[in-house]
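Enquirer: Please find one structure pasted underneath; my questions will follow.
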Amino acid sequence: AGAGGVHVQDTEVKVYAFDVDETLETANGPVLLQSVADLRNNGDIVGLCGNFARITCQAGWHRAFSFIGPMEMSKESFLRQISTYVPADEYVMVGNIQGVSGASDDKSAAEWAGWRFIQESDFAKGMR
């Protein structure tokens, strides 16, 4: 048991943060929500780092996502907070390359925070 009596898994856990607009299928993006659910069902932690209100206004959103943000901070700061306080083996941001595949600069946010970045179209094609 870990802190507070919580059992800590022995398997590798990844944290995935998804941009919303032009990334997820419900917001004009190529990433299927089933792909996100598959990650969670495999034991990974999945959350939102973008226009979360576009998802949280839908019923049942909390069954798919473990965290939402970035609230009133930059994406970079939000990602750093997650990687500081949510232990995992790897941290992955899935989103846009500004001016190439969307309006947000998710690639730079991920790099600044020390996260691995996957462009939304590559994730949709199976890159993990």
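Enquirer: Can you find a residue in segment 100-112 that is under 19 Å from residue 128 (Cα atoms), β-branched (Val, Ile, Thr), outside any helix (DSSP H, G or I) and more than 15 Å from the chain's Cα centre (by Cα)? Talk me through it step by step, then tell me what you get.
Expert: Let us first name the residues in segment 100-112 that are under 19 Å from residue 128 (Cα atoms), namely 101, 106-111.
Filter once more, keeping what is β-branched (Val, Ile, Thr): none.
Scanning segment 100-112 turns up no residue that is under 19 Å from residue 128 (Cα atoms), β-branched (Val, Ile, Thr), outside any helix (DSSP H, G or I) and more than 15 Å from the chain's Cα centre (by Cα).
Enquirer: Which of the residues that make up segment 26-48 are touching a residue at least 60 places away in the same chain (Cβ under 8 Å) and within 18 Å of residue 109 (Cβ to Cβ)?
Expert: The answer is 29, 31.
Enquirer: Which count do you get for residues in segment 79-118 that are surrounded by 14 or more Cβ atoms within 10 Å (Cβ to Cβ), closer than 19 Å to residue 13 by Cβ and among the aromatic types (Phe, Trp, Tyr)?
Expert: Going through segment 79-118 one residue at a time, the tally reaches 3.
Enquirer: Sticking with this structure for a sec: Would you confirm whether any residue within segment 51-67 is in contact with a Pro (Cβ under 6 Å, 6 or more places away or on another chain) and not polar (S, T, N, Q)?
Expert: no
Enquirer: Can you name the condition, by its number, that residue 69 falls short on among (1) closer than 18 Å to residue 32 by Cα; (2) open to solvent by less than 30 Å² (accessible area, probe 1.4 Å); (3) in contact with a Leu (Cβ under 9 Å, 6 or more places away or on another chain)?
Expert: Result: residue 69 fails condition (1) only.
Enquirer: Additional query: Please enumerate the residues belonging to segment 17-40 that are of a type outside the set (A, V, I, L, M), open to solvent by 30 Å² or more (accessible area, probe 1.4 Å) and on the phi < 0 side of the Ramachandran plot.
Expert: 21, 25, 26, 30, 34, 38, 40
Enquirer: Okay, next question. Can you find, within segment 78-128, the residue that is nearest to residue 24 (Cα to Cα) among those that are hydroxyl-bearing (Ser, Thr, Tyr) and without any contact (Cβ under 8 Å) to a residue 40 or more places away in the chain?
Expert: In this case the residue turns out to be 108.
The values are calculated or read from the model by the stated rules, or taken from the named source; none is laboratory data. Just so we're clear, the structure is a prediction, and the values are computed from it rather than from any experiment. Neighbour counts run over all protein chains shown; Cβ positions are idealised from the backbone, glycine included. These accessible areas exclude ligands, DNA and RNA; they are computed on the full protein's heavy atoms, side chains included. Shrake-Rupley method; radii C 1.70, N 1.55, O 1.52, S 1.80 Å.
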